[in-house]
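The values are calculated or read from the model by the stated rules, or taken from the named source; none is laboratory data. In this text the structure is predicted, and so the values were computed from the model without any measurement. Using ideal geometry, Cβ is built from the backbone for each residue, glycine included, and neighbour counts are taken over all protein chains shown.
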Amino acid sequence: MSTEQRQNLEVMLRQSAFPTDIDLNEQRRLLRELLSAQPLPADVTVTAATLGGVPTAEITIDGVEPRHVVLYFHGGVYALGDAFLSADLASQVGRRTRAKVISVDYRLAPEHPYPAAVDDALAAYEALLQNGTAPFHIVFVGESAGGGLAVATLINARDHGLPLPAAALVMSPYADLTLAGSTMETKREVDPLMSRENLQARVTDYASGQDTALGLISPIFADLSGLPPLVIQAGSHEVLLDDAVRLAQQAATADVEVTLDISPGVPHVFQAYYPILDEAAAALDRAGQLLSAHLAAAEHVTA
């Protein structure tokens, strides 16, 4: 793997970072401008749809006859981004699992604080099941806040008595909104994107007075027993590294099959930089292989 690639990416991220002390709507505009400038692969099609009354983006890849569905949850600290802006990364997971991707365009804070995102995610999953998709043909995938939301949705679905998907992949999960992870400080200098300070304002927006240690807000504190296999990926240069590590520990303690995959020297949601970073493409390949294996195993059990 290329040290030069990692160094070039860090320089690019630090140079393109926009101020976090500006108005949230301006942050949203700048993020949309930045991500919209990156074209999708020519064989990827994104279509607006709804699922359970929740807006979604349906992502398909030319030449892929999907047998499975990836239910995808985008990142953005529960306040930024949308299902369409994350379509490129989502499509890469779909490509590697030969799956159709349905990305949930859940409501954002502060306009719609907790539990809006959690409610939307569960409604979308429940509708997917009601529409006839077998749970063993479904995997959850989420990045950053979407990673936390993916795990929260597993917990919520379990507690509502719904059948659970075959597995879940969470990339750089934002799983502790108390911001208590040790790497909030120990990785502060090497993380080019995030810090405790720029996360705190969005925590306040999302939790809106609720206890941030609630399991559906911070799944790191939840009972994870009975969940399907989890694949957790993170980079070693991110303040949320400890969220990934502790989530894996919590899952293992609850007897959940878990794979923790940490790539050295790379930042938050590094997989998004797959065109320019070898580690990103390799991590996506590993994730695709694991998800495909879990899908095959789940289908075999129910056969």
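Details
- Pair list, Cβ under 8 Å, 6 or more apart: the range 197-218 residue more than 12 Å from Tyr174 (Cβ to Cβ), other residue surrounded by fewer than 21 Cβ atoms within 10 Å (Cβ to Cβ) and of a type in the set (Asp, Glu): Gly215/Asp223
- Listed conditions (1) touching a residue at least 24 places away in the same chain (Cβ under 8 Å); (2) over 21 Å from Ile59 (Cβ atoms); (3) in a helix (DSSP H, G or I) are all met by Asp120, apart from (2).
- Number of residues in the range 157-184 that are under 8 Å from Val239 (Cβ atoms), of a type outside the set (Val, Ile, Thr) and not in a loop (DSSP other than H, G, I, E, B) equals 1.
- Residue match in the range 3-20 (condition: touching a residue at least 24 places away in the same chain (Cβ under 8 Å), among the hydroxyl-bearing types (Ser, Thr, Tyr) and surrounded by 11 or more Cβ atoms within 10 Å (Cβ to Cβ)): yes
- The C-beta contact set for the range 24-47 (first residue under 15 Å from Asp88 (Cβ atoms) and modelled with pLDDT of 90 or more, second residue part of a helix (DSSP H, G or I) and of a type in the set (D, E, K, R), distance under 8 angstrom, 6+ apart or interchain) comprises Leu40/Asp88; Pro41/Asp88; Val44/Asp88.
- Any hit, the range 137-152, residues being among the aliphatic types (A, V, I, L, M), farther than 22 Å from Ala287 by Cα and in contact (Cβ under 8 Å) with a residue 24 or more places away in the chain: no
Okay, residues lined up against (1) of a type in the set (Gly, Ala, Ser); (2) closer than 25 Å to Pro115 by Cβ:
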{"site": "Gln7", "(1), (2)": "no, no"}
{"site": "Arg14", "(1), (2)": "no, no"}
{"site": "Ala17", "(1), (2)": "yes, no"}
{"site": "Asn25", "(1), (2)": "no, yes"}
{"site": "Ala37", "(1), (2)": "yes, no"}
{"site": "Thr47", "(1), (2)": "no, no"}
{"site": "Leu51", "(1), (2)": "no, yes"}
{"site": "Tyr78", "(1), (2)": "no, yes"}
{"site": "Gly81", "(1), (2)": "yes, yes"}
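- Positions within the range 230-288 being without any contact (Cβ under 8 Å) to a residue 60 or more places away in the chain, among the charged types (D, E, K, R) and either in a helix (DSSP H, G or I) or crowded, with 22+ Cβ neighbours inside 10 Å (or both), in sequence order: Arg286
- Note on the range 129-156: residues that are over 8 Å from the mean Cα position of the chain (by Cα) and within 13 Å of Pro219 (Cα to Cα) total 6.
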